[in-house]
Amino acid sequence: MNEQSMKAVDKSNARLIASYLLPLSLFALAGSIVYFTYQVSMVSKQIPHILQRIDTTSEKVEPIIGDVGEIIDLVPPILKEIEEIRKLVPPILSEVEQTRNMIPPILAEVEQTRLQIPTVLDESEAIRGELPALLASADRASAAVDGVSKQVEATRPLIPEVLKEVETTRESIPPMMDRADQLIEKARVAGKEASEGAVTGVFSGIIMAPFALVSDAGKGISGLSDEEAKNYTDKDFELNQEALLKLLNTASKGDEQKWNNPESGNYGFLKLSDIYSEGEYFEIECRTINIRFYKEEKLFKQGDRSFCKNEDGKWQLSE
């Protein structure tokens, strides 16, 4: 069989195969169309359900979209805050670096402290060894305190008597001082009389008033006229005289005394304004008192009165 005959046979075989394949292809195509139609019908049945789910999903998506919008609106402030935080990072890192640089000295100091611990422990041990002696000393001191407390308790009942005696002694000091002044004054007068002759009743050329400062001289030393004195009672003058004697006997310059009579409602103030000495042949002590009388809460009269001591050591008004 030649080559041409073989080609003719191959073509006839191909036509035969093609004639078989075409119906098969058409059958397969028909089957595919039927299956596709079936699937389309099945899908069409699912379309309402799918559409419902899409609607439900859409309803859920809308709030999410709103939230997303709000989140988008929050993004710029967040980014700005992040930027501010990022600006703070370098100073923080610098401070951390400084802190880290401080760690070696701290560790060195800790090491030195640790090296001192044995010495401290030795000292503590020594102190602990001394504690029994210290406690014993404290016990002895406590016992001594108890003894002192008992002595103080025993002495306490005597305190009122001692205070009373001290008060009595203190009250007796001014008269004793006055008597001492009198003795000194008399000795001075005796010496002067022996050398220069008797000199009495003359005080720096001023004639002294003919009375000493005694209880019945209240009106005379007040500086009030007879008419003015009618506004005050004998009790007022007695209180005024008592205040005056305190300033003359024991006060310092500038000291004040006040008297007040609740019965009459009258009161007064006395102030020691000056202390000086006078005497042509011998010095005598003198004092100036500013006396103020009040009546019905108003100043009634005031004036200065000067007093000097006489030979008997009593205060006399200097006229």
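The values are calculated or read from the model by the stated rules, or taken from the named source; none is laboratory data. Owing to the predicted nature of the structure, the values given are computational and were not obtained by experimental measurement. Methodologically, a virtual Cβ is constructed for each residue, glycine included, from the backbone with ideal geometry; neighbour enumeration extends over all protein chains shown.
Quick notes
- Applying the criterion of being aromatic (Phe, Trp, Tyr) and farther than 18 Å from GLU238 by Cα to the residues of segment 255-299, the residue that is modelled with the highest pLDDT is TYR276.
- Applying a threshold of 8 Å to beta carbon distances and a minimum spacing of six or more residues, or different chains, the list of pairs starting in segment 285-297 at a residue that is without any contact (Cβ under 8 Å) to a residue 24 or more places away in the chain and ending at one that is among the small types (Gly, Ala, Ser) reads THR288/SER273; THR288/SER306; ASN290/SER273; ASN290/GLY303.
- Test result for ARG292, assigned to a strand (DSSP E or B), surrounded by 18 or more Cβ atoms within 10 Å (Cβ to Cβ) and among the basic types (Lys, Arg): no
Let's see how each residue does on (1) among the charged types (D, E, K, R); (2) exposed (fewer than 10 other Cβ atoms within 10 Å of the Cβ); (3) touching a residue at least 40 places away in the same chain (Cβ under 8 Å):
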{"position": "GLN4", "(1), (2), (3)": "no, yes, no"}
{"position": "SER25", "(1), (2), (3)": "no, no, no"}
{"position": "MET42", "(1), (2), (3)": "no, yes, no"}
{"position": "ILE54", "(1), (2), (3)": "no, no, no"}
{"position": "PRO77", "(1), (2), (3)": "no, yes, no"}
{"position": "ARG86", "(1), (2), (3)": "yes, yes, no"}
{"position": "PRO104", "(1), (2), (3)": "no, yes, no"}
{"position": "GLU109", "(1), (2), (3)": "yes, no, no"}
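- Pair list, Cβ under 9 Å, 6 or more apart: segment 235-264 residue over 14 Å from SER222 (Cα atoms) and of a type in the set (A, V, I, L, M, F, W, C), other residue modelled with pLDDT under 95 and in a loop (DSSP other than H, G, I, E, B): LEU248/LEU213
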